[in-house]
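The values are calculated or read from the model by the stated rules, or taken from the named source; none is laboratory data. Worth saying up front: this structure is predicted, and the values here are computed from it rather than measured. Because the Cβ atoms are built from the backbone with ideal geometry, glycine has one as well, and the counts that use them run over all protein chains shown.
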Amino acid sequence: MVFIAFEGGDGAGKSTQVAALAAWLRERGQEVVVTREPGGTELGGRIRELLLHGGEVAPRAEALLFAADRAHHVATFVRPALERGAVVLTDRYVDSSVAYQGAGRDLQAAEIAGLSAWATGGLVPHLTALLDVAPETGRARRSCRVEDRMETEAEAFHARVRQGFLALAEAAPHRYLVLDAAQPPEVISAAVVARVGELLAGADPTLRTPASTSSSSTTAVAAPGPDPAESAAPTRDSAATSEHVAPSAPSSSGEVVGRSESRSGGA
Ligand SMILES: Nc1ncnc2c1ncn2[C@@H]1O[C@H](COP(=O)(O)OP(=O)(O)OP(=O)(O)O)[C@@H](O)[C@H]1O
Ligand SMILES: [Mg+2]
C-alpha cells in the first residue's frame, strides 16, 4: 500500500528510525514489512556479502550487483507486500546507489538512476526519509564495530555521498522528508511519524479529518484501505509541495509513483 525508504550515510540512524516507525505503525494495527538493501532476500544476502565483504569490485560490476539485488528484492518481496496492503519500510533503496556509486565514484548519477529504474520497473517510494548527518558524526556512531568496504572509504567520499543524497531530495522535495540526523532519535522519529501519519491518512480518504492535515503525532493512521486505487486523488507528483498540506493518496501498489527522471537530477 505505502512504500517508504530510509536513506542516508553510514551511521546516520536509518536502522534506528526504521525500527521506531515500524513499532509505531504496528501499535496502530498496520501490517508492516521491514526490509533492507542490499540483502533483503536470500539471493540478495549473497550479493550483499560479495559487495560489502568480498574483494575489490569494478565500479560497473558494483552498480550491476546492487541493481541485481534490487531487481530481485522488488519483484519477489516489495511488490507482493505492497499488493497485499502492507506498509513496506526499506533501509536503503535507489538513492543509496545513486549517491554512493554515482556521486561517490566514477559513474554518472543519471546512469545509476536509469539502471535502478530499469531494475525496479520504475517503483519509486511514496516517501523517502533522508537522514542527513555530517560524515564524522556517522563515523563516530559506528566506531564500535567492524567497518565494511564502503565505510572504510575516505571522509571526502562520504562528503560527496552526502551531497548526492541532498541533491536527490532537492530535485523532488514533495517525495522527501529531509531530517537533521544529529538530533536525538526521539525528535527525528516524531517528525517521521507526523509525516507518515499524513501520508497514510491520505491513502484512505475516509479517515481524512481536519486533524490529519496537522503535523500532530496523534494523527489517525489509516488501516489498509478497501482499494486505494478507488480514491480519485491525484498522484503524488501533482500533490502538494508544502509540508503544511496533506499529501494526496498514494497510487495503488505496484504503480510507478513519481517520475523516475527526477532521480537523474543528482550530483
Ligand atoms: N539520532 C541519533 N543520535 C545519536 N545516536 C544515534 C541516533 N540514531 C542512532 N544512533 C546510534 O548510532 C548508531 C548507528 O545507528 P543506526 O544503526 O541506526 O544507523 P544506520 O544509519 O542504520 O547505520 P548503518 O549505515 O551502519 O547501517 C547506533 O548505535 C544508534 O544507537
Ligand atoms: Mg543500519
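Report whether or not LEU65 is within 16 Å of ligand 2 (Cβ to nearest atom), more than 21 Å from PRO135 (Cβ to Cβ) and out of contact with any Asp or Glu (no Cβ under 7 Å at 6 or more places or on another chain). No, not satisfied.
For the range 1-44, a residue qualifies if it is more than 18 Å from ALA81 (Cβ to Cβ) and either touching a strand residue (DSSP E or B) at 6+ places or on another chain (Cβ under 7 Å) or not in a helix (DSSP H, G or I) (or both), and the qualifying residues are GLU7, GLY8, GLY9, ASP10, GLY11, ALA12, GLY13, LYS14, SER15, GLN17. All of ASP148, ASP106, ASP91, ASP95 fail the test of being charged (D, E, K, R) and more than 24 Å from ALA58 (Cβ to Cβ), apart from ASP91. I'm trying to understand the selection: among the residues of the range 1-28, which are touching a residue at least 40 places away in the same chain (Cβ under 8 Å), within 14 Å of ligand 1 (Cβ to nearest atom), under 14 Å from THR90 (Cβ atoms) and of a type outside the set (Asp, Glu)? ALA5, PHE6, GLY8, LYS14, SER15, GLN17, VAL18, LEU21, ALA22, listed by residue number. The residue pairs whose first member lies in the range 176-192 and is on the phi < 0 side of the Ramachandran plot, whose second member is more than 9 Å from ligand 1 (Cβ to nearest atom) and at pLDDT below 95, and whose beta carbons are closer than 8 Å, counting only pairs six or more residues apart or on different chains, are ALA190/SER217.
From the list VAL87, VAL146, VAL124, VAL161, the lone residue that is within 16 Å of ligand 1 (Cβ to nearest atom), buried (at least 18 other Cβ atoms within 10 Å of the Cβ) and farther than 16 Å from LEU65 by Cβ is VAL161.
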